[in-house]
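A.B. asks: Below is one structure. I have some questions about it.
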Amino acid sequence: MVARRDDLRYTEWVDDHTTQAVCLGIEPRFGRKPLTYAALDDERNLLALGQGSLADVLAFVGGQASAFIGVNAPSQLNQGLMQQPEARPQSSLLPPGDRWNNARRVEYDLHNRGISLPRTPASLSACPRWMQRGFHFYHQLQKMDYRAFPAGDFARVWLEVPAEAAFHALLRQKPLPANTIESRLQRQLILYEHDLPLPDPMRFFEEVTRRRLLQGILPEGLYAPAELNALVCAYTAWLAAYRPQQIDRLGAPEEGEIVLPARSHP
């Protein structure tokens, strides 16, 4: 396992070959620095995990000949599709009235899967800061000639990966509430079981003692929620790059499609 790093300019781990894509996960919501990131190579080795400034992350992704970047933020504003009768899903599950008018189609689709996500407003000024940070990040990627997935043979690709929905897909059920010890254990365990080189979270219980709990000392090796989100986004990007038959795509392109691990994949 690599150590967490606070400076993405540390790039000793970067291969100088250009045939294999580096797969990154970006979490723009939490942390003392704007972005939490994780990077995997083509064999799912963990290359980097930490927090960095927007400038540091952009400098790194701008230098990649081939990269797939999963971002835990909406890629498009709400375009009002759910207000158009012809675009609304013809489903008896759709609640009456205007409850879903101010939501993206993909957010409604996820709701029908039992997954609740923050709804994306129609204007940038109405978006919370983390969404605005995400939109800015996507804009910078576009300026660097990154393209939305699927991008044919294009080697520099971004994809929208709502981390909560990705964990839901991997677990095949609603994950435990975020930010709890139980949830961190659950989420790290599912990533560990999908062959990411993380510490086995079950060892956490072997190292917990009555005395250490009373002193507020918890074992190391359990990742923070933001790190776990970045990791699941990186893993989903890896699936899109190397095992595209094991992903699902939901939503409308004009409002931003999302990519998730396929629910049918064991």
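FYI, it's all coordinate maths here, none of it is from the lab. Bear in mind the structure is a predicted one, so any value in this text is a computation, not a measurement. Reconstructed Cβ throughout: ideal geometry from the backbone, glycine too, with neighbour counts over all protein chains shown.
A.B. asks: Run the numbers for A55 and E254: contour at 0.36 nm per residue of separation, minus the present Cα-Cα distance, in nm.
C.D. replies: Taking 0.36 nm per residue and subtracting the Cα distance, the gain is 68.8 nm.
A.B. asks: Right, here's the next one. Grab the beta carbon distance between M144 and R263, set R0 = 30 Å, and tell me the FRET efficiency rounded to 0.05.
C.D. replies: For M144 and R263, the calculated efficiency is 0.40.
A.B. asks: Cβ neighbours within 10 Å, averaged per peptide: list 148-154, 36-42 in order, most packed at the top.
C.D. replies: Output ranking for 148-154, 36-42: 36-42, 148-154.
A.B. asks: At what distance in angstrom do the alpha carbon centres of region 167-183 and region 124-147 lie from each other?
C.D. replies: So the two Cα centres are separated by 27 Å.
A.B. asks: Based on the mean of other Cβ atoms within 10 Å per residue, sort peptides 191-199, 236-244, 166-174 so the most packed one is first.
C.D. replies: Order by mean packing, descending: 236-244, 166-174, 191-199.
A.B. asks: Taking a virtual spin label 7 Å from the Cα of D41 along the C-beta vector, which residues in region 175-204 bring their backbone nitrogen under 14 Å of it?
C.D. replies: Counting backbone N atoms under 14 Å from the label point, the list is 197.
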